[in-house]
Every structure is written in C-alpha cells, then in structure tokens.
Amino acid sequence: MSARFSQSFKQQAVKKAIMRSEEISVKDIASELSIGYSTLQKWIVQTKNHELESGNDLSTNEYSMKHEKRPEDWSSQEKLAIIIKCGALDDNGENQLCREQGIYPHHIKQWTKDMIKSDASKAKTSPATSQMKRKIKALQKELNRKEKALAETAALLVLQKKVNHLWNQDGED
C-alpha cells in the first residue's frame, strides 16, 4: 500500500532534513517521519531543482539552499572570497567553514592552485610580452630580407668578376 503525502508534509519533511543538526542523519529523519530514505532524498532533490512547490515558509532566507551548491557551480569571485576567508583560519576553522558552505577543504586548495596558475598564464601573455613578440617577429622578417639581398649582391659580384675575367682573357687573344 502506497501512502500519498500532501505537498505541505513534503515541504516540512524537506525543511526538517535541511535544517537538521550535524548529529542527525537524513535516514534518521526519514525513519522518524515513517517515510523511505530514498523518498526523502527525492523530495530534497526536487526542492533544490525547484520542482517541489514551495510554500511561504520555505521561501525564507533561513531555508535557502545556497550551502547545497556544487563546487563547480561557484563563480570565480565566490571562490576567491572563500579562499581569502580560509587564509585567515586554522584547519579547524577552515573545516567548519567548508561544512557550512557544502564543500571540502581540497576544493579550496584546488581553487587556490587554479587561481595561481591562471595568474601566471596571464602574466606570460601580458600586453608588453605580446608587443615584444610582434617586434621580434618584425625584426626577424627584416633580417631575413636583408640576408637574401646580401646573398643576391654577393652572387652578382662573383658573376661580375667572372664576366670581367672572361672579357679580359678574350681581349688578350
């Protein structure tokens, strides 16, 4: 026999699951409410995806699911802000902040590495660097042109000497 739950009950169950303390698991809440764990999980996912109709009590800032955001959904500004916050904390403080934000400390470390790498790559391609590259390319092109002209001039001089030498020999005979 399948129980049919009201929308209000679903919303209250999700709210209770989201607002629970760290000592209580979602499974415990599901047991307490006499619903299946997977059912409660499904309702939580539906709420996150805004598929579960929300009442007035669920739209409060207190119920906001921003702490459930995936690490890949964070903007660069948000990542930088959390990196700065964690920089001033010890390991326990960092772990606590990460729990509150729904991320792990390894995400902070990876974001820091990514930002450093991004900054280093920007420094390599600064406007001054690209300007110098263009100047070097132009100078190299000019040098190649002058080398070709010099080689052509040298070849003409050699031919000129040969012609003069042949004409002088022909004139002596």
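Numerical summary
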item: Index of the failed condition, A81 passing every other in (1) at pLDDT 85 or above; (2) within 31 Å of the chain's Cα centre (by Cα); (3) loosely packed, with under 11 Cβ neighbours inside 10 Å; result: (3)
item: Output for the range 17-33, where each listed residue is modelled with pLDDT under 85 and not hydrophobic (A, V, I, L, M, F, W, C); result: R20, S21, E22, E23
item: Hits in the range 17-29 - residues which are among the basic types (K, R) and under 34 Å from the mean Cα position of the chain (by Cα); result: R20
item: Of all residues making up the range 116-167, the number that are at pLDDT below 85 and either more than 20 Å from the chain's Cα centre (by Cα) or of a type outside the set (D, E, K, R) (or both); result: 10
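The values are calculated or read from the model by the stated rules, or taken from the named source; none is laboratory data. Just so you know, these numbers come straight off a predicted model, no measurement behind them. Reconstructed Cβ throughout: ideal geometry from the backbone, glycine too, with neighbour counts over all protein chains shown.
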